[in-house]
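The structure appears below as structure tokens.
The values are calculated or read from the model by the stated rules, or taken from the named source; none is laboratory data. Just so it is clear, the model here is predicted, and its values are computed rather than measured. Using ideal geometry, Cβ is built from the backbone for each residue, glycine included, and neighbour counts are taken over all protein chains shown. We work out accessible area using only protein heavy atoms, side chains counted, and drop any ligands, DNA or RNA first. Shrake-Rupley method; radii C 1.70, N 1.55, O 1.52, S 1.80 Å.
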Amino acid sequence: MHVSVLTWIITIVVMLAVLVVDAVLMARHPHVPSVRECVACIGVYVGLAAVFGLCLHFFAGGTHSGEFFAGWLTEYSLSLDNLFIFLIIMRRMRVPRECQQFGLLVGIMLALLLRGLFIALGATLISRLAWVFFLFGAWLIHAAVDLVRDYRHHDTDDDADDATEGRLMRWVKRVIPSSNAFDEDKVFVRVDGRLLATSLFFVIVALGSTDVMFALDSIPAIFGLTQQPYIVFTANVFALMGLRQLYFLLGDLLNRLVYLPIGLSVLLAFIGVKLVLHAMHHYGLDARLGFDGEIPTSVSLLVIVGILGVTAVVSVARIRHDRRAVARAKAERLAKDRARFEATQDQWS
């Protein structure tokens, strides 16, 4: 897939324009977005991603279009886990709701910049060193095991602890003078002639450092689905677009996706195995063992959709089961209290 310099420039300019317009509108009308506004914005961003994927199908073929949709779905699902940590960070740092929108926007822009650097580095390594796929695959499988381990021990808050009270944050707080307070959407304020960072600055640093940790998983994951830097970049951008609105829309509803870590672990493990098999195919190791290690893009897309669908269905079923169990326990408790009351009445009569 050949992507001209002009295409790269147009893509980056258009995506930056969308983000700038979003930032300007938010600056002119600072507010907590309503559910209707969030749904409308997310619908627009998802629609744009779908249109982009269809354009890829028309201009570059079905294979590259399938790679984009597989990569976009993967990055979007991994962003949900990232979003959950964002929620915890906001609570830990007691960010006023009216300040959260600006912090998220700046954090997402910073994430785009950092992911662009990771993508450039990953593309360079892959183009020159094919054995890197073995490392990427092993890393993703290790990340999948860590997700399961964290889920079993309920250590979801550890990433938030690292982001808010880790070494990086302690160093930043020690080096940069701060006012230790929020001042609307201001990142720096001048007090008695001194330029001080507000608490919002440290929120942005926490969000950015958290996204770096997640990028270490998400970037190798999408390189396991496509080796086209253009597709990797656009899939990441579309996955991050609308993340701010998704934050306000979902909120505590993310807690209902109880099996999201398990689903993501299966997803990362699948892509990790796919990377290892791709590396084996590159060096002809699969042919020596008597099989073809290349997994078609269509199969990858079906597996990803299947994993995410099963995760959502099972999570909803678990929530309904827990609600019924709570309702049943409450009914049994009321029945026992009523029986005791009636027995007491009989004794007095």
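The conditions are (1) free of Cβ contacts under 8 Å to residues at least 40 places away in the same chain; (2) buried (at least 17 other Cβ atoms within 10 Å of the Cβ); (3) part of a helix (DSSP H, G or I), and residue 279 fails exactly one of them. Which is it?
Tallying (1) free of Cβ contacts under 8 Å to residues at least 40 places away in the same chain; (2) buried (at least 17 other Cβ atoms within 10 Å of the Cβ); (3) part of a helix (DSSP H, G or I), residue 279 fails exactly one: (1).
Under 9 Å by Cβ, and 6 or more places apart or on different chains, what pairs join a residue from segment 285-300 that is without any contact (Cβ under 8 Å) to a residue 24 or more places away in the chain and more than 10 Å from residue 66 (Cα to Cα) with one that is open to solvent by less than 70 Å² (accessible area, probe 1.4 Å) and in a loop (DSSP other than H, G, I, E, B)?
Filtered contacts from segment 285-300: 285/293; 286/293; 287/293.
If you go through segment 1-15 one residue at a time, how many are among the aliphatic types (A, V, I, L, M), in a loop (DSSP other than H, G, I, E, B) and open to solvent by 70 Å² or more (accessible area, probe 1.4 Å)?
Initially, segment 1-15 is screened for residues among the aliphatic types (A, V, I, L, M), giving 1, 3, 5-6, 9-10, 12-15.
Keeping just the survivors that are in a loop (DSSP other than H, G, I, E, B) gives 1, 3.
Restricting the remaining residues to those that are open to solvent by 70 Å² or more (accessible area, probe 1.4 Å) gives 1.
Looking only at that region, the number is 1.
Residue check, residue 305 against (1) open to solvent by 70 Å² or more (accessible area, probe 1.4 Å); (2) touching a residue at least 40 places away in the same chain (Cβ under 8 Å); (3) assigned to a loop (DSSP other than H, G, I, E, B), all met but one. Which one?
All conditions are met except number (3).
Give me the pairs, please: first residue somewhere in segment 222-240 and without any contact (Cβ under 8 Å) to a residue 40 or more places away in the chain, second residue anywhere and open to solvent by less than 20 Å² (accessible area, probe 1.4 Å) and part of a loop (DSSP other than H, G, I, E, B), beta-carbon distance under 8 Å, and either six or more positions apart or on two chains.
Hits for this filter: zero, empty list.
Going through segment 55-88 one residue at a time, which ones are over 30 Å from residue 204 (Cα atoms), open to solvent by less than 20 Å² (accessible area, probe 1.4 Å) and touching a residue at least 40 places away in the same chain (Cβ under 8 Å)?
The initial filter retains those residues of segment 55-88 that are over 30 Å from residue 204 (Cα atoms), namely 55-67.
Then keep just the ones that are open to solvent by less than 20 Å² (accessible area, probe 1.4 Å); that gives 56, 65-66.
If the condition is that a residue be over 30 Å from residue 204 (Cα atoms), open to solvent by less than 20 Å² (accessible area, probe 1.4 Å) and touching a residue at least 40 places away in the same chain (Cβ under 8 Å), then 56, 66 are the ones that fit.
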